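First the structure, in the form of structure tokens, and then the observations on it.
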Amino acid sequence: MNNLLQETLVRVKSKLLELHYLTNTGHIGGNFSCIDALVVLHHHTMQEDDKFILSKGHSAAALYTTLWSLGKISDEDLSTFSKNGTRLGGHPSDLSLSDVIFSTGSLGHGPSLASGLAYGLKVKKSESRVFCVCSDGEWQEGSCWEALIFSAHQRLNNLTIIIDLNKLQGFGSTSEVASFEELQYKMESFGARVERFNGHDIESLIRGLSVQDSEKPMVLLLDTVKGNGLHFEGKLESHYLPINEEQYQDALSRLSVKEAK
């Protein structure tokens, strides 16, 4: 299974690189910090009736290529990414794809939407789980903490919030912009169960995403690197800048070397 997941991940990353190169779009850094989690989540963890929300909507391309790998988006649709008239905009829209429950991208909304959805499912006595992927900078917004308070109070053990902890945001590092160190301690004090894993390791992701508390909402802190495996790995430039042909070929080479190992 893990070998198959690794092969799928390489295929998705190759397509993701191609997508960004051909459309000359940015935000590739945030896509490459969360793509491992999205692939493992959709190909291994989630069951048919589980729900997914991409709160960090600027990583839409990572979601699109993951859905493409599941046969839910065609090559033809994928080629229109971020172009006029496309169904696949720079942020995911619930008007375009059945697998997108809510339009996202205005940061700070995802945890609240996920909490409400998890609460509704619990009231209906559904066994479905809700997974929400957030950016770390997003948790500088008060709405996220309000959602966590609600989730803990309602004992939403069907909710898993996944935080892409790449430590970079639009104008610098998260510690420079608005530091909030000891995130695990803070979230535990709000009543959540918090676990921390390597966000670029398949085995670690499989273990982390399978954890479910009997009474508390789950928060998974994933240690990641923005632009993981790219020429501007861990640099702020990866938040906005697109890639040129030389950088695209270099990234493909790096991916091929990693696959060979």
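The values are calculated or read from the model by the stated rules, or taken from the named source; none is laboratory data. Given the structure is predicted, the values throughout are model-derived calculations rather than measurements. So basically every Cβ, Gly included, is an ideal-geometry build from the backbone, and we count neighbours across all protein chains shown. Only protein heavy atoms, including side chains, enter the accessible area calculation; ligands, DNA and RNA are left aside. Shrake-Rupley method; radii C 1.70, N 1.55, O 1.52, S 1.80 Å.
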### Message
Quick check on my filter: what residues within region 124-164 are touching a residue at least 60 places away in the same chain (Cβ under 8 Å) and farther than 15 Å from residue 41 by Cβ?
### Response
126, 127, 135, 138, 148, 151, 152, 155, 156, 157
#### Entry: Whichever residue in region 44-70 is part of a helix (DSSP H, G or I) and surrounded by fewer than 24 Cβ atoms within 10 Å (Cβ to Cβ) and, among such residues, is modelled with the lowest pLDDT
58
### Task
Scan region 3-43 for residues that are open to solvent by less than 50 Å² (accessible area, probe 1.4 Å) and either of a type in the set (Lys, Arg) or assigned to a helix (DSSP H, G or I) (or both) and report the count.
28
### Message
Please count how many residues of region 146-184 are over 26 Å from residue 200 (Cα atoms), open to solvent by less than 70 Å² (accessible area, probe 1.4 Å) and either part of a helix (DSSP H, G or I) or of a type in the set (D, E, K, R) (or both).
### Response
3
### Summary
Residues in region 129-145 that are open to solvent by 20 Å² or more (accessible area, probe 1.4 Å) and of a type in the set (D, E, K, R) total 2
### Query
So which of 215, 203 is touching a residue at least 12 places away in the same chain (Cβ under 8 Å), open to solvent by 70 Å² or more (accessible area, probe 1.4 Å), farther than 24 Å from residue 27 by Cα and out of contact with any helix residue (DSSP H, G or I) (no Cβ under 9 Å at 6 or more places or on another chain)?
215
### Query
Out of all the residues in region 105-128, which are of a type in the set (S, T, N, Q), in a loop (DSSP other than H, G, I, E, B) and open to solvent by 30 Å² or more (accessible area, probe 1.4 Å)?
106, 126
### Message
Let me spell it out: the conditions are (1) under 23 Å from residue 235 (Cα atoms); (2) open to solvent by 60 Å² or more (accessible area, probe 1.4 Å); (3) not in a strand (DSSP E or B); (4) not hydroxyl-bearing (Ser, Thr, Tyr), and residue 196 meets all of them except one. Which number is the exception?
### Response
(3)
### Message
Filter region 231-257 down to the residues that are modelled with pLDDT of 90 or more and crowded, with 22+ Cβ neighbours inside 10 Å and list them by number.
### Response
243, 251
